[in-house]
Every structure is written in C-alpha cells, then in structure tokens.
Amino acid sequence: MPPRIVEVRQGVLKKNDLAARRLRERFLEAGVCVVSLVSSPGAGKTALLCATLRRLTPARRAAAHVGDLATDHDAVRLRATGAPARQITTGTVCHLDAEMVEGALAGWDLGALDFLFIENVGNLVCPASYDLGESLRAVLLSVTEGEDKPQKYPTIFATADLAVITKIDLADAVGYDDAAARRALDESYPNLEVLRVSARSGAGLSEWLDRLEAAGVRTRTRALPTGSDQRRNPGPVPPRAR
C-alpha cells in the first residue's frame, strides 16, 4: 500500500477512534448498553433484531440504528416491533463509522434507554476497523454461508465479543457442519463465545437474551454514581482493538 494511502487511512481511523471514545463515554454516562451486529448481507441481522426487540420490550427500553447503502426498509421492519429505529443511509460507504452513529443520536435521550442496537451495513471487511463505542459486538454467521467464513474474514471475528450462528432451523437442510464451523472460529479467535439461534423458530433466543441482559447489567453497574456500594471501577475506557 503506498505511503500516502497508509497515512490517510491512519488519519481516518484515528478520527473515528476519537469519536468512538466520545460515544463510549456518553453511553457509559447514560447507562445504556450498546450492542452492534455485523455480518455479511443476508445473514439475518434484521430478523434477529426484530425478534430481539419484540421480546425485550416493554420490559426493557430499547431502540435501534440500522445502516444500509440505500432504502429505509430495515428501519421500517424494526419500527413494526414498536421500538424506535432510525435508518442511517451511507450511500457508497460500506460500513458505519462513529460519526454517523453520533449524528443519528440527535434528539434521542440516551438515559431513557436500556439498550441501543446498531445494525451495521452487511459487510465482513470494512466494519472490522471501525469502533462504534459499543459495549458488545456480535458477529453473525448463518448456516447457509459456509463454515469457513471465519477463515476467509478473520479480522471481523477477532474484533467480536460473541459469534452468533443464525438460521439454525435450516442446518440439516443445507448440511451445516457445526464442528467445522467451530474449528474455523478457533483459528480466527480461539475460545470465542458462540450462540446458535433461529429468529424464525425461536431456538436459542432465550440464551441470546440472557447474554444481552448480562451485558446490560454490566453496563448499568459501571454507570452507577461514584460512591455507590455496588459501583465497580471500570478503569480507563479503551478503544476497540483492531
């Protein structure tokens, strides 16, 4: 890569990291757990998020941002669950960045939310480099995509906190090999936590919701006022590793 391109790329990522740090501090202050979903196109991000929002609300206050190059189709689907949702239309940009998320927050009271979900543009390459200030990054892999996706796109899996195998109701029909998928994941990020879900049948959704609740509890504990007996020392707020 020519030196000038490297310099520009480093500048872009540094700018994004600064914006992500601002976001992370805002999210922590508000006590909102921010969960980002990344995957290739068609892996089932919106379907999983719709199922999640229907089960979370009204017990939990949740909202969503969703990124796509064009249309607001996914935001319309998400709003049908009763949760607020905003579309971030990126045009020719193949990922969300922290400034896009920051801009989409205008007018929203973060303190009124327990969860904010960020559904990234369908892409397993570019989103890996862009921290969005999230508390939890889940990378989705559908059983229809092939078990070797983690080997082809290792960086996105290495930046994730959790891998979610989706569409498991189709596993037998497409000949999905779970052991092979686990081996591929271990090559990219050994011991990465893995959940298996089906938004259509509901299989695995209880485990997914439990994982979200655990992340939410951790976020709220970190956000407790100084002096609280329950407060944990969160230490510095680091940027997401790339």
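The values are calculated or read from the model by the stated rules, or taken from the named source; none is laboratory data. The structure presented is a predicted model; accordingly, all values stated were derived computationally and were not measured. Positions of Cβ are backbone-derived with ideal geometry, glycine not excepted, and every protein chain shown enters the neighbour counts. Accessible surface areas use protein heavy atoms only, side chains included; no ligands, DNA or RNA. Shrake-Rupley method; radii C 1.70, N 1.55, O 1.52, S 1.80 Å.
Total residues in the stretch 24-62 satisfying the condition of being outside any loop (DSSP other than H, G, I, E, B), of a type in the set (A, V, I, L, M) and surrounded by fewer than 23 Cβ atoms within 10 Å (Cβ to Cβ): the figure is 5.
If you check L192, L185 for being of a type outside the set (S, T, Y), in a helix (DSSP H, G or I) and either modelled with pLDDT under 95 or surrounded by fewer than 19 Cβ atoms within 10 Å (Cβ to Cβ) (or both), only one passes: L185.
Yes or no: T81 in contact (Cβ under 8 Å) with a residue 12 or more places away in the chain and in contact with a strand residue (DSSP E or B) (Cβ under 8 Å, 6 or more places away or on another chain)? Break it down into steps so the answer makes sense when it comes.
Numbers: in contact (Cβ under 8 Å) with a residue 12 or more places away in the chain: yes; in contact with a strand residue (DSSP E or B) (Cβ under 8 Å, 6 or more places away or on another chain): no.
Taking the combined requirement at face value, the residue does not satisfy it.
In the stretch 12-34, the residues that are closer than 17 Å to V93 by Cβ reach residues that are in a loop (DSSP other than H, G, I, E, B) and open to solvent by 10 Å² or more (accessible area, probe 1.4 Å) with C-beta atoms within less than 8 angstrom, at least six apart or across chains, in these pairs: L13/Y130; L13/R242; N16/D97; N16/Y130; A19/D97; A20/Y130; A20/P239; A20/R240. Does D161 fit the bill of being open to solvent by 50 Å² or more (accessible area, probe 1.4 Å) and under 13 Å from the mean Cα position of the chain (by Cα)? Judged against the criteria, D161 is a match. Residues that are open to solvent by less than 40 Å² (accessible area, probe 1.4 Å), touching a helix residue (DSSP H, G or I) at 6+ places or on another chain (Cβ under 6 Å) and outside any helix (DSSP H, G or I) within the stretch 91-101 comprise H95, D97, listed in sequence order. The C-beta contact set for the stretch 107-123 (first residue open to solvent by less than 20 Å² (accessible area, probe 1.4 Å), second residue among the β-branched types (V, I, T) and in a helix (DSSP H, G or I), distance under 7 angstrom, 6+ apart or interchain) comprises I118/V101; E119/T46. Being assigned to a helix (DSSP H, G or I) and surrounded by fewer than 16 Cβ atoms within 10 Å (Cβ to Cβ) is true of V76.
Of all the criteria given as (1) among the aromatic types (F, W, Y); (2) open to solvent by less than 20 Å² (accessible area, probe 1.4 Å); (3) assigned to a loop (DSSP other than H, G, I, E, B), the one not satisfied by Y176 is (2).
Return yes when A104 is of a type outside the set (F, W, Y), out of contact with any helix residue (DSSP H, G or I) (no Cβ under 6 Å at 6 or more places or on another chain) and open to solvent by 10 Å² or more (accessible area, probe 1.4 Å) and no when it is not.
Numbers: of a type outside the set (F, W, Y): yes; out of contact with any helix residue (DSSP H, G or I) (no Cβ under 6 Å at 6 or more places or on another chain): yes; open to solvent by 10 Å² or more (accessible area, probe 1.4 Å): yes.
Yes.
In the list S201, S188, S206, which residue meets the criterion of being over 20 Å from the mean Cα position of the chain (by Cα) and hydroxyl-bearing (S, T, Y)?
Values: S188 fails: over 20 Å from the mean Cα position of the chain (by Cα); S206 fails: over 20 Å from the mean Cα position of the chain (by Cα).
Only one candidate qualifies: S201.
Candidates are the residues of the stretch 124-153 that are under 23 Å from G175 (Cα atoms) and in a helix (DSSP H, G or I); the one that is least open to solvent (accessible area, probe 1.4 Å) is P150.
Sub-6 Å Cβ pairs linking a first residue in the stretch 172-194 that is among the acidic types (D, E) to a second residue that is surrounded by 13 or more Cβ atoms within 10 Å (Cβ to Cβ), at least 6 apart or interchain, are D177/E147; E187/Q151; E193/L162, ordered by first then second residue.
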